[in-house]
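Just below is one structure, and these are the notes that go with it.
The values are calculated or read from the model by the stated rules, or taken from the named source; none is laboratory data. As the structure is a prediction and not an experimental result, all values here were calculated from the model. Because the Cβ atoms are built from the backbone with ideal geometry, glycine has one as well, and the counts that use them run over all protein chains shown. Ligands, DNA and RNA are excluded from the accessible area calculation, which covers all protein heavy atoms including side chains. Shrake-Rupley method; radii C 1.70, N 1.55, O 1.52, S 1.80 Å.
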Amino acid sequence: MDHLTTDVLVVGGGTGGVVAALQAARRGAKTILVSEFPWLGGMLTSAGVCAPDGNELAAFQTGVWGAFLRELRQRQPEGLNHAWVSFFTYNPQVGAQIFADWVSQLPNLQWIVGQVPLAVLRQGDRITGVQFPNFTIEAKITLDGTELGDLLAIAEIPHRWGWELQSEWQEPSAPATEIPLMQRYSVQSPTWVVILQDFGEGTVAPAIPEPPHYNPDHFRGSWDHYGVEEFLNYGRLPGDRFMINWPQYGNDYGEGVERLIQSPKAKAEFLQESLWHTQGFAHFIQTNLGQRYGLAPQIFPHTIGDGAYALHPYYRESRRLQGLVTVQEQDILPMPGSQVAPLPVDETGQMSAIAYGNYANDHHYPGTEIPLQPKSIRWGGRWTGTPFTIPYGSLVPATTDGFLVCEKNISVSHIANGATRLQPAVMGIGQAAGMAAALCIEHNCQPRNLNVRLLQSALLTDPTAPAAVIPLFNLPPEHPDWLKWQHFYCDRPQDYPVSGNCPLPQEPLRTLTPSGSQEFLGVFQRVSTQDYKIALAHPTLLSSTTLSLVTLRAEVDRQLQTYPTDTSIRLYGQLNPSGGWLLVDSVGFTPS
């Protein structure tokens, strides 16, 4: 059996794993990345969820996440603003190629495909490597980037699976006593994504066959409260394609989900049922909406449905580390009277945030919902989520050295996982974990002994993809004082503003017209606070006379908050017919 050695070993090429490997190698550590699947990127690519949620605001597009968006815009000429579930949808092939290209550019990063871990090497309480079917790799630092936290189980590192009662951490949304939902769904339901295509009016696409155990009753009412067009446009992609990741009587599947962490046979049975469930939903859609809709061919690199089905399910929850710190629901909710969650501070008084997210707390259990404390806020003319941060201690095992996690497997409660699991947040977690591993190599220390301030500074000053660690609505990464204010709140967390805005001087507003923006003339209408519309001056150009106005830019949000209602306005932005909105890039001079 081959025997390899490296500084950093990342097992799993998903969203967090590939970013961790990239960051460790970019920092200079000799790195090996081992993936089960031929595509890198996990949720963003091989799982087919090419409609990322969260961290959408311009100020939050930093680090590898921001670099990924910029690269997508360059490589996908149709743009990214197609669906209403996300501002960024793309062909998953494009995303997979970006990660493959980035990995190939690093001579100190070796990528090995098609291997899964069998055993973990250890010396006492320290992990020293991993055994695979065809080789063993010894590493100074090992990272678990698997979809289900497999190394946690193999190495018998203390971890959690499933729910916690309110008595555990006094989380307001956790059940006080055992409820039937906890027994039926031990974790959130995965979804096996399929990509459909509209082949055009009068066209007959190949029939989507019924899978075994097909029951159309599982899907009746899927789009009743939305309508067909809105249902399809939820995950619209370029080229008249649709990502089908639909929670309402759709392709979420969670029956016996605990089989994922039982025997290989039990896991295979669950995966087969999950795939059949999605195949049934695709058949139901075609049967009810017409044969102009069929499987999009040759999207993913396999033969299932001619490549229309993702390589594996979209896992929303995995085994979760028992770390030095556990992210709880209170850590993701807004402080009283605030638009932001509190910054984490460790036992030494050091502000310990190393990544952040802002998505709503979103849980998936087919056919039912649980009441959750709200964390949504209105910003930029739309609903978004309260920004929250991820503390470094949630990546570090409580009792094991030589090891970090970098995926949905961080130390987080079942309830809070509904917000920390989203793609951009996991990319931030992966970047921090990769940087931490490289710094441990540089300073010859264990992850638990790494200076968090050193890690924060390294992330903020990374020469390839500098990553913010403090979420601030009005501090975009191109601002000349970006680094100053990031360092300021790292050193003075007590001064973190409840508004989420740092005290920047009110500079004169300039009209900028980013590439791809169009001009729109009309009458500005303020419906209510953070709710804006434009009555178009030339409605014949569009199917609607009125559009909602939304923005991802703080300076535009500031203008819209004070713009006089029922007044002429000139806007530059991108029309999204799926969402019925105009994504405003800039506000021009008022037409005369």
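Report the gain in length on full extension from Leu118 to His302: 0.36 nm times residue separation, minus Cα-Cα distance, nm rounded to one decimal.
Between Leu118 and His302, full extension yields an extra 63.8 nm.
Please check the chain for the longest run free of trypsin sites (Lys or Arg not before Pro) that are loop-located per DSSP (anything but H, G, I, E, B) and have at most 13 other Cβ atoms within 10 Å.
After excluding every exposed loop site, the longest remaining stretch is 221-509.
Leaving out ligands and nucleic acids, and using a 1.4 Å probe, what accessible area per residue does segment 323-451 come to in Å²?
Here the residues of segment 323-451 average 29 Å² of exposed surface.
Could you bin all the Cα-Cα distances of the chain into 10 Å bins starting at 0 and give me the percent of pairs in each, rounded to whole numbers?
Answer for the chain: a P(r) of 3, 17, 28, 27, 17, 6, 1, 0 percent.
Of the chain, which part is the longest with no chymotrypsin sites (Phe, Trp or Tyr not before Pro) in a loop (DSSP not H, G, I, E, B) and with at most 15 other C-beta atoms within 10 angstrom?
227-588
Running Debye on segment 28-105 with equal point scatterers at the Cα sites and no solvent, what base-10 log of I(q)/I(0) appears at q = 0.11, 0.18 Å⁻¹?
-0.29, -0.77
For the chain, what proportion of DSSP beta bridges, expressed in % and rounded to the nearest 5, is antiparallel?
Taking every DSSP beta bridge with both residues in the chain, the antiparallel ones total about 70 percent.
Just to be sure I follow: if Rg is taken over the C-alpha atoms of segment 397-502 and Rh is the Kirkwood radius over the same atoms, what is Rg/Rh?
0.97
Based only on Cα atoms, what Rg/Rh ratio does segment 517-578 have, Rh being taken as Kirkwood's radius?
Rg/Rh for segment 517-578 comes to 0.93.
Relative to the present Cα-Cα distance, how much length would full extension add between Leu504 and Ala266 at 0.36 nm per residue of separation?
Roughly 80.1 nm would be gained on extension.
Which aspartates and glutamates, if any, have their Cα less than 18 Å from the Cα of Lys267, not counting same-chain residues under 8 positions apart?
Once the sequence-local aspartates and glutamates are set aside, what remains near Lys267 is Glu36, Glu147, Asp150, Asp252, Glu255, Glu258, Glu317.
Over segment 49-141, give the accessible area per residue in Å² for a 1.4 Å probe, as an integer.
Using a 1.4 Å probe on heavy atoms only, each residue of segment 49-141 averages 37 Å².
How far is the Cα center of segment 156-178 from the Cα center of segment 379-439, in Å?
For segment 156-178 versus segment 379-439, the Cα centre distance is 18 Å.
Run the simple label-point estimate for Thr399 and Thr529 please: 7 Å along Cα→C-beta, distance reported in nm.
About 4.9 nm separates the two model spin labels.
Report the equivalent ellipsoid semi-axes for segment 107-156 in whole Å, largest first, defined as the square roots of five times the eigenvalues of the gyration tensor built from alpha carbon atoms.
17, 14, 11
Once label points are set 7 Å from the Cα along Cα→Cβ at both Val94 and Glu201, what is their separation, rounded to one decimal in nm?
Taking the two extended label points, one gets 2.7 nm.
Give me the compactness ratio for segment 388-439, meaning the Cα radius of gyration over 2.2 N^0.38 Å.
1.08
Over the C-alpha atoms of segment 225-290, what are the Rg and the largest Cα-to-Cα span, Dmax, in Å?
Using the Cα atoms of segment 225-290, the pair Rg, Dmax is 14.4, 42 Å.
Sort Glu36, Glu71, Glu369, Glu478 by accessible area with a 1.4 Å probe, largest first.
Output order, biggest surface exposure first: Glu369, Glu478, Glu36, Glu71.
Hull surface divided by four, with the convex hull built on the Cα atoms of segment 174-270: how many nm²?
The Cα convex hull of segment 174-270, projected and averaged over all directions, gives 9.2 nm².
At a probe radius of 1.4 Å, what is the per-residue accessible area of Ile370, in Å² to the nearest 10?
Estimated to the nearest 10 Å², Ile370 gives 30 Å².
Which GluC sites (Glu not before Pro) in segment 183-292 pass both tests, a DSSP loop state and at most 14 other beta-carbon atoms within 10 Å?
Taking segment 183-292 and a limit of 14 other Cβ atoms within 10 Å, the loop GluC sites (Glu not before Pro) found are Glu201, Glu255.
Using only the alpha carbons of segment 294-341, determine the length spanned along each of the three principal axes and report them from longest to shortest in whole angstroms.
Principal-axis extents of the Cα atoms in segment 294-341, largest first: 51, 29, 12 Å.
Over the chain, what percent of the accessible surface lies on carbon and sulfur atoms, probe 1.4 Å?
Answer for the chain: carbon and sulfur cover 50 percent of the accessible area.
Determine the shape class of segment 52-181: with a ≥ b ≥ c the square roots of the Cα gyration tensor eigenvalues, call it rounded for a/c under 1.5, and otherwise prolate if a/b is greater than b/c, oblate otherwise.
Oblate, because a/c is 1.5 or more while a/b does not exceed b/c.
When the scattering of segment 225-361 is computed by the Debye formula from its Cα atoms alone, each counted once and equally, what is log10 I(q)/I(0) at q = 0.09, 0.19, 0.20, 0.21 Å⁻¹?
Log10 of I(q)/I(0), two decimals: -0.46, -1.14, -1.20, -1.27.
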